[in-house]
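*Asks:* Take this structure, written in structure tokens, and hold onto it; I'll ask about it next.
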Amino acid sequence: MYERILVPLDGSSAAEIALPYAEEIAAKIGAEIILASVSEQAAVETDHLYRSYLERIVEQVQRQLKDWGAKKEAKVKSEVLLGTPASEILRYADENNVSLITMASRGRSSRGPWLLGNIAAKVLRASGKPVLLIRAQADKEALRQRSLVKRILVPLDGSKLGEEAIPYAEALAKVLGAEIVLFQAFMTPTWRGGAYEYRSVSPTQFEEEKQKLRKSAMAYLDNQGKAFHEKGLITSSTAKEGIAPDQILEYAEANRIDLIAMSTHGHSGIGRWVFGSVTDKVLHAGDTPVLTVRAFKE
């Protein structure tokens, strides 16, 4: 599922924070890493600068892959593309069977040219390939231990489209030995002095309705988790009341989540939320890496 990993680089240290994540996945799976820079000018001098830079990074990544425990000769190559950065990244990924785009974007604690609202955002919105977005430098202790991804949070909204991220999270959990945490946020109708969906109900009735929603969410998550248990994967389920993106980010930060894997589309219904909107909000806040998977409507 992750046989070819494309890592766009622009020559900055900010963009290079994506490299350790690509290296960990590639080392465990035996995948090929493609390092790509995009030149917007067709000049010999510019081309030479990009190629020299990428040659140095290729050698660095090959050394790092051995440290990550790669069992065979590292497959690392570089490409200098010409054109508009986002368009060229997308074109190359489509034409060369790339299975994962791993790239950096500015989070709360990092600075650099890869900004949400610019190249990364354009790739995220237009790519049919899974995109792993890295917003901050990897934890130093996790790097030392060579284990960046130990807990993967998979937010679900109850829709089939929302569930399309599950196989991608499962594939990573298998090779990285990570735990999968299935998560759902649910909303209860607003309680305002006895007003509940424009009807008068008691606080007891309100609490009963909340517990009913929680129980329904947990039943759904536990059912999804059965397949993981059968495959020997470590899995847990959590349902939280509140606004979905807020709850996702709060849970990730409070529970040492290393990666959030979610679909970029879903549907809206009673007690549900629009997955595309939630994903956008999660992507624009927090520093936890996010794996987005495009869900296509039938």
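Rule-based calculations on the coordinates, nothing more; no lab input. Small disclaimer: the values here were computed from a predicted structure and weren't measured. Here Cβ is always computed from backbone atoms with ideal geometry, including for glycine, and neighbour counts include all displayed protein chains.
*Asks:* For the pairs Lys28/Lys281; Lys140/Lys174; Lys72/Lys160; Lys129/Lys240; Lys75/Lys174, flag any whose C-alpha to C-alpha distance is greater than 28 Å.
*Replies:* Beyond 28 Å between Cα atoms: Lys28/Lys281; Lys72/Lys160; Lys129/Lys240.
*Asks:* Let me ask something else. Need the C-alpha centroid separation for the stretch 127-182 versus the stretch 58-107, integer Å.
*Replies:* 18 Å
*Asks:* Let me ask you something else. Can you pull the one-decimal nm distance between simple spin-label points at Ala285 and His48, each 7 Å off the Cα toward Cβ?
*Replies:* Result for the modelled spin labels: 4.9 nm.
*Asks:* Within the chain, what's the longest run with no chymotrypsin sites (Phe, Trp or Tyr not before Pro) in a DSSP loop and at most 16 other beta-carbon atoms within 10 Å? Give the range, please.
*Replies:* 1-190
*Asks:* Same structure, new question: Pick out, from Gly225, Val76, Met262, the residue whose Cα sits farthest towards the positive end of the charge dipole of the chain, with +1 on the Cβ of Lys and Arg and -1 on the Cβ of Asp and Glu.
*Replies:* Of Gly225, Val76, Met262, it is Gly225.
*Asks:* For the stretch 24-164, what does the alpha-carbon gyration tensor say about shape, rounded, prolate or oblate, given a ≥ b ≥ c as the root eigenvalues, a/c under 1.5 as rounded, and a/b over b/c as prolate?
*Replies:* Numbers: a/c = 1.57, a/b = 1.14, b/c = 1.38.
Oblate is the answer for the stretch 24-164, as a/c is 1.5 or above yet b/c matches or exceeds a/b.
*Asks:* Another one. Counting other beta carbons within 10 Å of each Cβ, put Asp139, Asp67 in order, fewest first.
*Replies:* The fewest-first ordering by Cβ neighbours comes to Asp67, Asp139.
*Asks:* What helices does the chain hold that run 18 Å or longer along their axis, going by alpha-carbon atoms, with a Kyte-Doolittle average of 0.0 or more, using DSSP H for the helix calls?
*Replies:* none
*Asks:* Could you give the length gained on full extension between Arg146 and Glu95, defined as 0.36 nm per residue of separation minus the Cα-Cα distance, in nm?
*Replies:* Gain on extension, Arg146 to Glu95, equals 15.1 nm.
*Asks:* Follow-up question, since we're still on this one. So what is the relative contact order for the chain, in percent, with contacts set as C-alpha pairs under 8 Å and at least six apart?
*Replies:* 19 percent
*Asks:* Hey, fewest Cβ within 10 Å first, where do Ile152, Ile17 land in order? Spell out each step's value before the answer.
*Replies:* Numbers: Ile152 25, Ile17 22.
In order of increasing Cβ crowding within 10 Å: Ile17, Ile152.
*Asks:* Relative to the present Cα-Cα distance, how much length would full extension add between Ala219 and Arg56 at 0.36 nm per residue of separation? Present the calculation step by step, with values, prior to reporting the outcome.
*Replies:* Numbers: separation 163, 0.36 × 163 = 58.68 nm, distance 5.11 nm.
Roughly 53.6 nm would be gained on extension.
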